[in-house]
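Notes for the one structure printed next.
The values are calculated or read from the model by the stated rules, or taken from the named source; none is laboratory data. Just so we're clear, the structure is a prediction, and the values are computed from it rather than from any experiment. Ideal geometry is used to build each Cβ from the backbone, glycine not excepted, and the neighbour counts take in all protein chains shown.
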Amino acid sequence: MNAGLALRAMRNFDAAKAEFQESIRSKPDYALVYGNLGILLDNLKDHDGAIAQYKRALALNPDDINTRYNLGVSYGETGDYIAAIREYREVKRLDPSRLDARQILVQR
């Protein structure tokens, strides 16, 4: 997975995607890889693909606040504001001090 992160940082998105997918094949129960692939897909504006990866990550680790927040952002990018707000509310429930989720909820 570290290679995927490094490649993503270098903006070599195709190679990063391949590395994350290989990591998933070797460790299918590692939630963090799905979340990182979701971030990459968001960078590529594939928000539906990102949502699918975030959901896989959350199926393995439902209390991952960062992944849940990213899922909310992706829902917002697709125009599904109800789902986005649901995720932001869950982030706020899991971590009431999380300012970014509170600010977004106040704006809605």
Residue under evaluation Asp100, criteria (1) of a type outside the set (S, T, N, Q); (2) more than 24 Å from Gly4 (Cβ to Cβ); (3) not in a helix (DSSP H, G or I), criterion not met: (3)
Residues satisfying the stated conditions in the range 76-92, i.e. among the hydrophobic types (A, V, I, L, M, F, W, C) and over 18 Å from Asn66 (Cβ atoms): Ile82
Unmet criterion (only one of (1) at pLDDT 90 or above; (2) crowded, with 21+ Cβ neighbours inside 10 Å) for Arg56: (2)
Test: Tyr54 is under 17 Å from Asp100 (Cβ atoms), assigned to a helix (DSSP H, G or I) and touching a Ser or Thr at 6+ places or on another chain (Cβ under 6 Å): yes
Residue match in the range 45-53 (condition: of a type in the set (S, T, N, Q) and modelled with pLDDT of 95 or more): yes
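Is it the case, given these coordinates, that Arg68 is of a type in the set (Lys, Arg), surrounded by 15 or more Cβ atoms within 10 Å (Cβ to Cβ) and under 20 Å from Tyr88 (Cα atoms)? Talk me through it step by step, then tell me what you get.
Details: of a type in the set (Lys, Arg): yes; surrounded by 15 or more Cβ atoms within 10 Å (Cβ to Cβ): yes; under 20 Å from Tyr88 (Cα atoms): yes.
Taking the combined requirement at face value, the residue satisfies it.
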